[in-house]
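A.B. asks: Right, I'll just put the structure down here and ask away after.
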Amino acid sequence: MTRFLHTFDNVQTLGNGQSPRRAYTDLDDLWRAAEPYMRARRNDIHIPLSFSFAELLLDDYPDADERVARVAILLHDVGWARVDAEAMITDGFRSENWRQSDARILHEAEGCAIARELLPPLGFDDAFVTKVTDIIDGHDTRLDHRSLEDAIVRDADRLWRFTPTGTAFSAEWFGRTPREIVRQLEDGVLDELITASGRRMAEAELVRTIELLKIDLL
């Protein structure tokens, strides 16, 4: 396995107990409103973990609009709740072109629709909603990022995959072994990370995942 420079010894990240340093705006009402859409694809685990990674990234990038980024990461995958459960796996994870699959495109479109349903009643104006949906739309299928907030959401969405929890779920969804998932992370996903802080956190999380899951042995 690749040797990384960044580990829990020199990087503050979720896996070694780091909490956000900044005081962020309260989004509890949105969490409650979005809860019915979080039971699909174990997004009740994926989204809170990705949300915490986003807050850690925002600590390092104070120029980003924290409310836009945090709302976008909170809602980025709720659209999976409106995708057929079987198609979600067969098309969205195990098809030849899974990144551009119909299931992934649909979950982005439905995520935007849910955001437009949930946000206005909670006091978010149209301009804010558009900023959020511009990030949700294409967060998996679009190659480029369009803003710092978009970059933070994309990195936070991927960072959870480097944890033991993310590796375990990925192995199940992709129908692969944990070792194969780690190889995928090393050979591909690491290079997709945009921010320097995201890269450091990913390496540190992956070092610990390799150790905990005995990847060098199993």
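A.B. asks: What is the magnitude of the charge dipole of the chain about its Cα centre, with +1 placed on the Cβ of each Lys and Arg, -1 on the Cβ of each Asp and Glu, and no other charges, expressed in debye to the nearest 20?
C.D. replies: In debye, rounded to 20, the chain gives about 580.
A.B. asks: Next question, about the same structure. Could you point to the residue in Thr25, Val71, Pro48 farthest towards the positive end of the stretch 1-83's charge dipole, with +1 and -1 charges on the Cβ of Lys/Arg and Asp/Glu respectively?
C.D. replies: Pro48
A.B. asks: Note down the nm distance, to one decimal, between modelled labels 7 Å out along Cα→Cβ at Glu86 and at Ala113.
C.D. replies: Calculated label separation equals 2.1 nm.
A.B. asks: Still on this structure, please answer the following. Work through the residues other than Ile45 whose Cβ is under 14 Å from its Cβ and net out their charges, Lys, Arg +1 and Asp, Glu -1. Show your work: numbers first, answer last.
C.D. replies: Values: positive: Arg39, Arg41, Arg42, Arg161; negative: Glu35, Asp44, Asp77, Asp157, Glu172.
Taking every other residue near Ile45 into account, the sum is -1.
A.B. asks: Separation between the Trp31 and Arg94 pseudo-spin-labels, each 7 Å from Cα along Cα→Cβ, expressed in nm?
C.D. replies: Output for this residue pair reads 3.4 nm.
A.B. asks: What number comes out for the charge environment of His139, summing +1 per Lys or Arg and -1 per Asp or Glu over other residues with Cβ under 15 Å away?
C.D. replies: Details: positive: Arg41, Arg70, Arg99, Arg104, Lys131, Arg142, Arg146, Arg154, Arg158, Arg161; negative: Asp77, Glu108, Glu110, Asp134, Asp137, Asp140, Asp144, Glu149, Asp150, Asp155, Asp157, Glu192.
Counting the neighbours of His139, the net charge comes to -2.
A.B. asks: Scan (i) 16.6, 53; (ii) 20.5, 64; (iii) 20.9, 82 for the value of Rg and Dmax of the Cα atoms in Å calculated from this model and give just the label.
C.D. replies: So the calculated entry is the one marked (i).
A.B. asks: For Arg146 and Arg39 in the same chain, what is the full-extension length gain: residue separation times 0.36 nm, less their Cα-Cα distance, in nm? Spell out each step's value before the answer.
C.D. replies: On the way: separation 107, 0.36 × 107 = 38.52 nm, distance 2.90 nm.
Gain on extension, Arg146 to Arg39, equals 35.6 nm.
A.B. asks: Extension gain Phe128-Arg21, at 0.36 nm per residue separation less the Cα-Cα distance, in nm? Could the numbers behind the result be given before it?
C.D. replies: On the way: separation 107, 0.36 × 107 = 38.52 nm, distance 2.46 nm.
Extra length available between Phe128 and Arg21 comes to 36.1 nm.
A.B. asks: Got the relative contact order for the chain handy, in percent, Cα pairs under 8 Å and 6 or more residues apart? Before the final figure, lay out the partial values.
C.D. replies: Details: 288 pairs, mean separation 56.7, N = 218.
Worked out over the chain, it gives 26 percent.
A.B. asks: Placing unit charges on C-beta atoms (Lys and Arg positive, Asp and Glu negative, everything else neutral), compute the dipole magnitude of the stretch 1-78 about its Cα centre in debye, rounded to 20.
C.D. replies: 320 debye
A.B. asks: Of Ala115, Leu14, Ser147, which is farthest towards the positive pole of the chain's charge dipole, taken about the Cα centre with +1 and -1 on the beta-carbons of Lys, Arg and Asp, Glu respectively?
C.D. replies: Leu14
The numbers here are math on the coordinates, done by the rules we state, and not lab data. Keep in mind that what you see is a predicted model, and the values were worked out from it rather than measured. For neighbour counting, all protein chains shown are included, and Cβ atoms are generated from backbone atoms with ideal geometry for every residue, glycine included.
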